[in-house]
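Quick notes on the structure that follows.
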Ligand SMILES: Nc1ncnc2c1ncn2[C@@H]1O[C@H](COP(=O)(O)OP(=O)(O)OP(=O)(O)O)[C@@H](O)[C@H]1O
Ligand SMILES: [Mg+2]
């Protein structure tokens, strides 16, 4: 049941997007987000939607994964839309008593919802097509300049790698402990708030105990293999930009230009 | 009547993602009451998946399970009662302990059953005695015990519920030979006293030979064989083809028979081997047929 969560799930594949350099994928994703935010007219967002469809097509990730990744943000979208529709002042479209819907409000609601949807779906594609290890490697390299101002970039990325690595393990473990307690008749689905909170104890205690044990073991194992921070550490897999990365960058830049142009025309 | 019966039971993990995996495929078996059954098979052959269906922790993707003739998933509100009837001890159960003392941890199951104080106390002590935990150990924190002792506490936690069917998933994994024999002996003793049905998942044919009346051999998500110990071990050739071996001592006797000695090849334990050897030696001169 817990396993059905897809946040940050990686779908191995061989598409051009999978093969892109993870650094460029991160840059492209950032550019995509920039593009969504420079679009100031709902119609210029069509470029954003078109790009999204194109990217999913190329990557071979099933379109239904989009809906899966969007499910958790639906309440936020509904909430912001309602606020925008009813509380933005401007030229009224309809009026029922004191409720007034304005053209600007409606436009803003559409703009914001499409933006959020594209944002989530677009950045999900990054994690669908990039393994967590590649991702943290790329982040480490991209953030390298910050080392000059004494930001512990390597340590941060190592922490992130470890955290990402252990999410599935932790989910699996939670599932297992929950099942084991259910087999002993633990009842987690009924009762009031207090009762449910209490029912969590038999799950949380073993989970904490094993997390600490695991952290201990991992630290020991890393020390046994002489891990001592990032200084002088080399990589087995060197990252290289290739043609496809530059092509992807160009496509992104062109689409931002297109959005700016559309903004001009439509304004 | 069979306590557990499955009809075309299948389970598919992660359906609709690139990671789909049919863990058990079209399984139809019947488990008779009062038997002790060994479940054996390669890593990943679906043993754990199968037994988690028996107490309703996993819902079949297709097919049916009957407990005492009743369809398990017909009425979901009865699921919890089924879990009291079919007790399941997981692989590495020591990681599920959570209470301050072993006593309280063992009492968790009986308490959930809604038993009264006196009965809970009686059951905890009885279960603790079965796995030979001392009074002093009962009052300790489970986190202060050794791995093997923790394992016994966890098993006692399920024994205390007195399930009609007791299922153990590799109860001896990671223990030394002595600890292994001890736990298996305790389970067997419990079975003889309670006359309940016991299923034990194991990787070791030697262990299965020691306790089981019937063996369920799983291979690649399917039931490969489900028969009495004699009949299963008689098919040593097929078993070795799927990478499982009959006990070493049985192999020795099969080889002796092949070379013309008048021995029975249905010898699965050292005990039986000893008897058979003595019988053979007493025959004296006419050793070679
Ligand atoms: N929760 C899960 N999600 C996805 N796949 C799973 C899950 N649990 C098991 N599997 C897969 O199902 C198959 C059967 O697993 P199962 O745990 O039943 O094997 P097993 O026979 O118990 O093996 P072992 O002897 O190693 O315990 C394996 O290939 C495994 O990868
Ligand atoms: Mg298993």
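Read-outs: derived from the displayed coordinates by stated rules, not from any lab. Everything numeric in this text was worked out from a predicted model, so none of it was measured. Using ideal geometry, Cβ is built from the backbone for each residue, glycine included, and neighbour counts are taken over all protein chains shown.
Annotations
- Estimated translational diffusion coefficient (Stokes-Einstein, Kirkwood radius over Cα pairs, 37 °C, 0.692 mPa s) of segment B:2-234: 180 µm² per second.
- Rg/Rh (Cα only; Kirkwood hydrodynamic radius) as it applies to the protein assembly as shown: 1.09
- Neighbour counts of other Cβ atoms within 10 Å put A:171, B:200, B:27, A:78 in the fewest-to-most order A:78, A:171, B:27, B:200.
- Segments A:177-188, B:167-178, B:234-245 sorted - mean Cβ within 10 Å per residue, highest first: A:177-188, B:167-178, B:234-245
- Descending Cα extents along the principal axes, segment A:20-59, whole Å: 32, 20, 6
- Alpha-carbon centroid distance for the pair segment A:200-267 / segment B:1-43, whole angstrom: 39
- Enclosing the Cα atoms of chain A in their convex hull gives a volume equal to 209 cubic angstrom per residue.
- Average other protein chain Cβ within 10 Å of Cβ, residues B:70-83: 1
- A Förster radius of 56 Å combined with the Cβ-Cβ distance from residue A:219 to residue B:75 puts the calculated FRET efficiency at roughly 0.70.
- All Cα-Cα distances of segment A:66-185, cut into 5 Å bins from zero to the largest, leave 2, 9, 11, 10, 11, 11, 11, 10, 8, 7, 6, 2, 0 percent in each bin in turn.
- Helical runs assigned H by DSSP (4 residues or longer) give chain B a calculated mean residue ellipticity at 222 nm of -12000 deg cm²/dmol, each run adding -39500 (n - 2.57) before division by the residue total.
- Across peptide A:217-227, the mean count of Cβ atoms from other chains lying within 10 Å of each residue's own Cβ comes to 0.
- Centre-to-centre, using Cα atoms only, segment A:171-190 and segment B:191-223 are separated by 25 Å.
- Simple spin-label estimate for residue B:68 and residue A:235 in nanometres, 7 Å along Cα-Cβ: 6.2
- Protection-proxy order for peptides A:87-99, B:149-161, each taking the mean of Cβ atoms within 10 Å per residue, highest first: B:149-161, A:87-99
- Cα gyration tensor shape of segment A:121-197, rounded if a/c is under 1.5, else prolate or oblate by comparing a/b with b/c: prolate
- Residue-averaged beta-carbon neighbours from other chains (10 angstrom radius) around B:14-20: 4
- Projected label points at residue B:141 and residue A:53, each 7 Å from Cα along the beta carbon direction, are separated by 6.1 nanometres.
- Compactness index (Cα Rg / 2.2 N^0.38 Å), segment B:151-289: 1.21
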